[in-house]
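A.B. asks: Just passing along the structure, written as structure tokens.
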Amino acid sequence: MHPLRIIFTVAFALLVPAKVLAKDAFALPTGRIIWHKEARRIDANVSGLSLSTVLSKLSRATGWKVYLQPGTDRPLQVKFKGLDRGAALRLMLGDLNYAVVPALAGGTEIRIYQNNPAAATELLTDKDGRPKTSDWLARELVVSLAPDSKISIDELAKKLDGTIVARSDEMKSYRLRFDSEESAAKARESLDEMDGVRADNNYAYHRPDEGPMGRTQDLSDFPISPTTTTDGCNVVVAMLDTAVQSLPANQAAFLLKPLSIAGESTIQSSSPTHGTAMAQSILNGLKMVTPKGTGSTVRILPIDVYGNNEATSSYDLAKGIYAAVGNGASIVNISSGGSLDSFLLNDVIEYARSKGTIVFAAAGNEPTTQPVFPAANPNVIAVTASDTQGKVASYANRGEFVDLIAPGTTPIKHNGETYLVTGTSPATAMISGMAAGIDDCAKGADVNAIRAWLEKTYSFRGQR
């Protein structure tokens, strides 16, 4: 006979302790949960994250096994400091109930449910302790100076005991790294007291998967040639991604000289990089709106925001967008994303919008409704992927922030072989290519006309 398992069930109304609203509760960066094991207290800033994501993080931090009733996931807007387990759960769960179950093998199980603990069947796990595509760089700060600031960033960094690891004097924004998380937190406290200075978190956006792609037969040719107008006009699509290899001969002339934000890349030629696949996906989108046998003024500006690194950052992505606008891009295509937002990135996206540049970003390859940034920024057009039936693909994000849906699979060529690439990244790239084709210099379309056509043809409304 199994030993008796005792279940403690709690039902409650939402109560907000006064100390939740204390200023020091907001110092913790978004997406962070700290479990103080000896005091058995929790600090958290989980605003904008889903309940399932937060509980997964809590599971990893505490060692608890957490089960959630399917269909009860929801976004949270919660920040608190120093709460015990019961108070923290009450604050996060709202009208849901929870049961604490001593596990047979030791440890603790917590079941989150509406009416019956047995309905909590989904085990939540946080395998690597961070969102799959983004992570807080806790030893770094992005320091931005006001346009009229007389502060010397070099002297300021020295005073804060930080090292400037990247800089953009044009944006007056700088990436500082510190010896420890504690040093970075102390520096932030000092910066928060200064006028004309803003300290922002920096987040890692992890490198897109460049694993094997499915090979297939040669499905189509590319019957478009690069042309120019008498005034030399080109519609430039800036593609922020990994480095791009050589394209097939009939596509190579569509590429402009690449830029690199993150240093040089060492590229293997055996299989296509993510950047190579996205460049051809943009051209596939262009082909969809360009009559066969005609020319196009569209060009692709590859901007490498990864280099040889495993991740880019919100800082480098912001620099990439700024460089794109500075080099005349009408359209910016972004495959990177994560669950954490960035003030600097939002500022640069707003700057791009003010210059008439359209920013498209992938919604992400997880079948959730959780916001992904920068796609969830209101000044960005977020794109998800459809399957062969035109419905949202099983792997694709379908959150409220998604604007458009496009085919999630497209063929590309590399080293004489044809591959199929799949995901919200190629869907986004094809939308960027179509937008560029509509914006072709010879057609004279404006931003509003492009948006109207895309929303009429590829709107995601009604498919959630």
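Quick note: the coordinates plus some simple rules give every number you see, no bench work behind them. Predicted model, so just to flag it, every value in this text is computed and none were measured. Glycine gets a Cβ as well: all are built from the backbone with ideal geometry, and neighbour counts include every protein chain shown.
A.B. asks: Using the structure shown, list the pairs from K292/K456; K172/K287; K79/K456; K319/K413; K37/K186 with a Cα-Cα distance above 32 Å, or answer none.
C.D. replies: K172/K287; K79/K456
A.B. asks: If you take the charge dipole of the chain about its Cα centre, with +1 on Lys and Arg Cβ and -1 on Asp and Glu Cβ, which of T388, N309, P258 is farthest toward its positive end?
C.D. replies: Checked the options; the winner is T388.
A.B. asks: Past the 25 angstrom mark, what percentage of all C-alpha to C-alpha distances in the range 334-435 do you count? Please report the intermediate quantities before stating the final value.
C.D. replies: Values: 1049 of 5151 pairs.
Across the range 334-435, Cα pairs with separations above 25 Å total 20 percent.
A.B. asks: Can you tell me how the range 214-458 classifies by the Cα gyration tensor, rounded, prolate or oblate, using a/c under 1.5 as the rounded cut? Could the numbers behind the result be given before it?
C.D. replies: Values: a/c = 1.17, a/b = 1.12, b/c = 1.05.
Since a/c stays below 1.5, the shape of the range 214-458 is classed as rounded.
A.B. asks: In the calculated pair distance distribution of the range 281-349, what percentage of Cα-Cα distances lie above 21 Å?
C.D. replies: Details: 890 of 2346 pairs.
Within the range 281-349, distances greater than 21 Å cover 38 percent of Cα pairs.
A.B. asks: Rounded to whole Å and ordered largest first, report the semi-axes of the equivalent ellipsoid of the chain derived from its Cα gyration tensor (root of 5λ). The partial results should precede the final answer.
C.D. replies: On the way: eigenvalues 350, 164, 72 Å².
Three semi-axes, in Å: 42, 29, 19.
A.B. asks: Between N115 and E400, what's the calculated FRET efficiency when r is the beta-carbon distance and R0 is 30 Å? Round to 0.05.
C.D. replies: Values: r = 27 Å, r/R0 = 0.89.
Efficiency at R0 = 30 Å is approximately 0.65.
A.B. asks: Residue-wise, which Karplus ³J(HN,Hα) couplings in Hz belong to the range 381-395, taking 6.51 cos²θ - 1.76 cosθ + 1.60, θ = phi - 60°, and x for glycine or proline?
C.D. replies: Computed from phi, the couplings for the range 381-395 are 8, 8, 10, 10, 10, 9, 8, 5, 9, x, 8, 4, 5, 4, 8 Hz.
A.B. asks: Still on this model: If r is the Cβ-Cβ distance from A253 to E170 and R0 is 22 Å, what FRET efficiency results, to the nearest 0.05?
C.D. replies: Values: r = 30 Å, r/R0 = 1.36.
Approximately 0.15, to the nearest 0.05.
A.B. asks: Apply the Karplus parameterisation 6.51 cos²θ - 1.76 cosθ + 1.60, with θ equal to phi minus 60°, to every residue of the range 357-370 and state each ³J(HN,Hα) to the nearest whole Hz, in sequence, with x for glycine and proline.
C.D. replies: Residue by residue, the range 357-370 yields 8, 8, 10, 10, 9, 6, 7, x, 9, 10, x, 10, 10, 5 Hz.
A.B. asks: Something else about it: Using Cα atoms only, what is the angle between the long axis of helix 447-458 and the major principal axis of the chain, expressed in degrees (0 to 90) to the nearest 10?
C.D. replies: So the inclination is approximately 70 degrees.
A.B. asks: With +1 on each Lys and Arg Cβ and -1 on each Asp and Glu Cβ, and nothing else charged, work out how big the dipole of the chain is about its Cα centre, in Debye to the nearest 20.
C.D. replies: On the way: 47 positive and 48 negative charges, 219 e Å.
The dipole of the chain has a size of about 1060 debye.
A.B. asks: Could you give the distance between the Cα centres of the range 350-404 and the range 44-93, to the whole Å?
C.D. replies: 25
A.B. asks: Can you tell me how the range 134-201 classifies by the Cα gyration tensor, rounded, prolate or oblate, using a/c under 1.5 as the rounded cut?
C.D. replies: Judged from the Cα gyration tensor, the range 134-201 comes out prolate (a/c at least 1.5, a/b above b/c).
A.B. asks: When we measure straight from the Cα of K65, which aspartates and glutamates land under 18 angstrom away, once same-chain ones fewer than 8 places off are left out?
C.D. replies: D73, D84, E109, E122, D126, D128
A.B. asks: With runs of 4+ DSSP H residues as the only contributors, calculate the mean residue ellipticity of the chain at 222 nm using -39,500 (n - 2.57) per run, divided by the residue total and rounded to the nearest 500.
C.D. replies: Values: 9 runs with 107 residues, N = 464.
After summing the helix terms and dividing by the residues of the chain, the value is -7000 deg cm²/dmol.
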